[in-house]
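Structure, as structure tokens:
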2 protein chains.
Amino acid sequence: MATASASVFASLSFEQKLDRLAEVAVRIGLGLKEGQELVLTAPTDALPLVRRITEHAYKAGAKMVTTFFSDDATTLARYQFAPDDSFDYAPTWYYDAIAASFKSGAARMAIAGANPALLKSQDPNKVSRAGVAVSKAYKPAMELITRHEINWTIVAAATPKWAELVFPGEPEDVAVAKLWDAIFHASRITSDDPVAQWREHGENLKRRVDFLNAKRFHSLRFHSDDGKTDLTVGLADNHLWAGGGTTAGNGIYCQPNIPTEECFTTPHKDRVNGFVTASKPLSHQGTLIENIQCDFVNGKIVKATATAGEEALNKLIATDEGARKLGEVALVPHASPIAESGILFWNTLFDENAASHIALGQAYSTCLIGGEKMSDEELAKLGANESLIHVDWMIGGPTMNVDGVSEDGHAEPLMRGGNWCD
Amino acid sequence: MATASASVFASLSFEQKLDRLAEVAVRIGLGLKEGQELVLTAPTDALPLVRRITEHAYKAGAKMVTTFFSDDATTLARYQFAPDDSFDYAPTWYYDAIAASFKSGAARMAIAGANPALLKSQDPNKVSRAGVAVSKAYKPAMELITRHEINWTIVAAATPKWAELVFPGEPEDVAVAKLWDAIFHASRITSDDPVAQWREHGENLKRRVDFLNAKRFHSLRFHSDDGKTDLTVGLADNHLWAGGGTTAGNGIYCQPNIPTEECFTTPHKDRVNGFVTASKPLSHQGTLIENIQCDFVNGKIVKATATAGEEALNKLIATDEGARKLGEVALVPHASPIAESGILFWNTLFDENAASHIALGQAYSTCLIGGEKMSDEELAKLGANESLIHVDWMIGGPTMNVDGVSEDGHAEPLMRGGNWCD
Ligand SMILES: [Zn+2]
Ligand SMILES: [Zn+2]
Ligand SMILES: [Zn+2]
Ligand SMILES: [Zn+2]
């Protein structure tokens, strides 16, 4: 059956495949409601997908679709030519407008696809300052996203520079075609009925989430066969595991990431101890950070190294008090289709769904029982971290073992060799 | 000399020509100040020019360049698929942000280039309603533009659909290349020193403006040899002629239109009488309006016809009380380079600089002595019109004669056969 379905998908034209991704993004990713407004962000290279998404949004009854494009070439021009004080500035009037749109009922979709290595030759100091300025200006809008007050989703579009990094040495058109193919497959749109395919996938994730929630683990212990990681991640009091779809504060059921393979929850910001080695490189704000190693003591990173991008890493964790603590821990089996593809995407949306991971910075308040209604103080008291940043990085892989540890210290094997034990 | 200069320009690569247009737009059009922010609007097809402009803006010291792209295909998708009540909606949160950017010191540049006939097959009722919704939402930002409180400019980029309309029957690449060439020439960037070229042009316009201001005419009478127009346009009390560059309220000298060939002022909203026939078709919000004929009585259009787009025209003048009255009158000699090219651009930025014209709707308060500091009531008392719209249409051409009429009724010939008498 799966083979037959896959071959029907394979027989579609590229335009038809793109159209299906757009439809899944609007109907399943956003669950866009009739009369709702949509605010879309996208790289200029993603224009063909933007057009398909816009059409499906209007067909689904969108009142208005507004797209804000980012452009790698103009971003780079800023680093090359703008005066120095530009890098401490972000247009608050713009980010405030985004927040205002969310407050007035808009849904939000982001298309990922920027060049993951765009800024690798730029001054890390400027990159970091610009990132901090945006994080501050974006905070009011970002809070509505991390609190899931609105329905939102992220999908990806293959773009030339990104494809070149993922499939080095291939001619541009071949690399882009291969990346699109990888995106279509990872996004689970290849069966004859992607809605049913997503429902089934969501039920599988939900079963796993329910199991983890029933366990009420006190902490997780990540220990790898290669001895490069032995990290105990305490979980927040009243933590809640999540995965797959979520019902946003506005009542709309959405899938915030396409693809999504993770079960994730909120760690306790002061109860992380041990050492950890990243299993995949990380692209953060156009800089590649490779072979991250960190030591944690009582929740805090006390030492961080990387074989590439170390300066960017250290600037990142110096953003604010919460930037050197964890805001998310997530379990992803090595048997997930993205991991099985063996492709390193250099893009968090995909790589975090190919491996168990942790995130520095802001926690999701929805990953605490009743968290969406709590004040920042109440959240912090339970152990939820607060920061301007939220940066996922991958620690899982075929050598990773994970135990669930109960309050009394009893360790139950959850994952062995990167996969679920059951 | 002019020939030698032109041939140097002709020897430049397309990229170099584009780069020069961008530099002129930033340095002469905007007069962008060091540390100033730039808000740019552009069609997606204008991305190469956007990139050149962004680079020159940062080189000139811009703190931040933010570009908002419009896309003809997604605009069309809205008309084809959006629910009906979409057309009474405009995202106020977006237009408010634009106004906020202006208030916080941003300069504004618009790149013209959308398909002039994009919406010609769409329901004129929807087109009109959408236009009214945008005009209302955009009003706070638009006022800062019409009052010249900030430095702003408009330039153009050749795009395939526009080029197809201007050069029908040509292959797309040929049509686009021809349109770019026409834009480069009309924009006066073809000499070795475009800055000097623009200074000289500005001084010529200034001489004409000073002459007209010294005359203190009571009205202008447009009467064509072909008998199709005999229109008396009363001028506002304390009217001020303008042309070429202007010093904005923020103290920055800018050229609001590239190209610009017009001397323009504020007519008296209640003192326009006679009949007038458009000399060129008009593209308004993606609809083509051809062979406009209007009868005016005491400032008001009492009858309006067109051989194409008549419904759009009548909806336009029904926008509000001021939409059927004049807010601008402008004199452009038929000897201007744009008129001499013989090209019908179907774009107001060019066509209004090829022929004397009038504009329905909002008056420029800067075209009244001390007007930029006056209240709406004070402006109205002097005869300045107020409306959500400002739509220029062309009435001049080789058969047009214009007299300046003094308070006592003495008529002085200003233009004969479309050109200045002196
Ligand atoms: Zn995650
Ligand atoms: Zn995350
Ligand atoms: Zn004009
Ligand atoms: Zn005008």
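Before moving on, here are some points about what is shown:
- Global geometry of region A:172-240, whether rounded, prolate or oblate, following the gyration tensor of its Cα atoms and the 1.5 cut on a/c: oblate
- The fraction of accessible area contributed by carbon and sulfur in region A:216-420 is 49 percent, rounded to a whole number (1.4 Å probe; ligands and nucleic acids excluded).
- FRET efficiency, 1/(1 + (r/R0)^6) with R0 60 Å, evaluated for A:Thr247 and B:Phe275 via beta carbons: 0.40
- For B:Ala308, the amide hydrogen comes within under 5 Å of the amide hydrogens of B:Glu290, counting only partners 5 or more places away or on other chains and with H modelled in the peptide plane.
- A Cβ-based charge dipole, computed about the Cα centre of chain A with Lys and Arg at +1 and Asp and Glu at -1, lands at about 520 debye.
- Across all C-alpha atoms in region B:336-422, the radius of gyration and Dmax reach 15.7, 42 Å.
- Of the whole protein surface, B:His284 contributes about 40 Å² of accessible area at a 1.4 Å probe radius.
- Relative contact order [Cα under 8 Å, 6+ residues apart], chain B, whole percent: 15 percent
- Under the Debye formula (equal points on every Cα, no solvent term), log10 I(q)/I(0) of region B:2-186 at q = 0.09, 0.14 Å⁻¹: -0.38, -0.89
- Relative to the other identical copies, A:Val195 shows label-point distances of 6.3 nm, where the label point lies 7 Å from Cα along the Cβ direction and values run shortest first.
- Under 5 Å from the amide H of A:Leu235 lie the amide H atoms of A:Ser219, A:Leu220, A:His268, each residue being 5 or more positions distant or on a separate chain, with H modelled from the backbone and absent for Pro and chain starts.
- In this rough spin-label picture, where each label sits 7 Å from Cα along the Cβ direction, the A:Gln16-A:Ala335 distance is 3.3 nm.
- Simple label model, 7 Å out from Cα along Cβ direction - A:Ser406 to A:Val8, nm: 4.7 nm
- Dipole magnitude for region B:309-422: about 200 debye, using +1 per Lys or Arg Cβ and -1 per Asp or Glu Cβ, origin at the Cα centre.
- Scattering curve values for the protein assembly as shown, log₁₀ I(q)/I(0), Debye with Cα scatterers, q = 0.10 Å⁻¹: -1.06
- Check: region B:2-186 dipole with +1 on Lys, Arg Cβ and -1 on Asp, Glu Cβ, in debye: 540 debye
- Cβ-Cβ FRET estimate between A:Arg216 and A:Ser104, R0 fixed at 35 Å, reported to 0.05: 0.35
- Computed log₁₀ I(q)/I(0) - Debye formula, equal Cα scatterers, no solvent, region A:216-420, q 0.08, 0.12, 0.15, 0.17 Å⁻¹: -0.24, -0.56, -0.90, -1.19
- With the label put 7 angstrom out from Cα along the Cα-to-Cβ vector, B:Arg207 ends up 8.8 nm from the copy partners, going from closest to farthest.
- Between A:Leu240 and A:Thr266, A:Leu368, A:Ile369, the built amide H atoms are under 5 Å apart, and every one of these is 5 or more places off in sequence or on another chain.
- In the complete set of protein chains, residue-level accessible area for B:Arg221 is approximately 80 Å², probe 1.4 angstrom.
- Heavy-atom accessible surface of the protein assembly as shown, averaged per residue, reaches 38 Å², computed with a 1.4 Å probe.
- Area hidden from solvent between B and A (accessible, protein heavy atoms only, 1.4 Å, total, Å²): 3000 Å²
- Residue-by-residue Karplus 3J(HN,Hα) for region B:83-95, coefficients 6.51, -1.76, 1.60, Hz, glycine and proline x: x, 4, 6, 4, 7, 9, 10, 9, x, 4, 4, 6, 5
- Largest mean-square fluctuation among B:Phe217, B:Phe68, B:Phe264, in a Gaussian network model of chain B whose springs join Cα atoms under 10 Å apart, belongs to B:Phe68.
- Beta carbon of chain A nearest to the axis of the rotation taking A to B, residue and angstrom distance: A:Ala97, 2
- Rounded to the nearest 500, the helix-only mean residue ellipticity at 222 nm of chain A stands at -10500 deg cm²/dmol, with each DSSP H run of n ≥ 4 adding -39,500 (n - 2.57).
- Distances between copies at A:Glu372, taken between label points 7 Å from Cα along the C-beta direction, are 5.1 nm in increasing order.
- Given A:Lys103/B:Lys139; B:Lys17/B:Lys120; A:Lys33/A:Lys280; B:Lys228/B:Lys303; A:Lys103/B:Lys59, the pairs whose alpha carbons are separated by over 26 Å: B:Lys17/B:Lys120; A:Lys33/A:Lys280; A:Lys103/B:Lys59
- Solvent-accessible area lost in complex, 50 Å² minimum, residues of region B:18-59 relative to chain alone, 1.4 Å: B:Arg51, B:Tyr58
- Computed accessible area, A:Ile111, all protein chains, 1.4 angstrom probe, square angstrom: 10 Å²
- Inter-part distance where region B:195-219 and region B:93-172 are each reduced to a Cα centre, Å: 28 Å
- Ordered from highest to lowest accessible area with the whole protein assembly present and a 1.4 Å probe, B:Asp403, B:Asp123 read as B:Asp123, B:Asp403.
- Model label sites at B:Glu377 and A:Ala308, defined 7 Å from Cα along the beta-carbon direction, differ in position by 6.9 nm.
- Kirkwood hydrodynamic radius of chain B, Cα pairs, Å: 21.8 Å
The values are calculated or read from the model by the stated rules, or taken from the named source; none is laboratory data. Everything quoted here is computed from the prediction, not taken from an experiment. Here the Cβ is made from the backbone with ideal geometry for all residues, glycine too, and neighbour counts use every protein chain on show. With ligands, DNA and RNA removed, areas are computed over all heavy atoms of the protein, side chains included. Shrake-Rupley method; radii C 1.70, N 1.55, O 1.52, S 1.80 Å.
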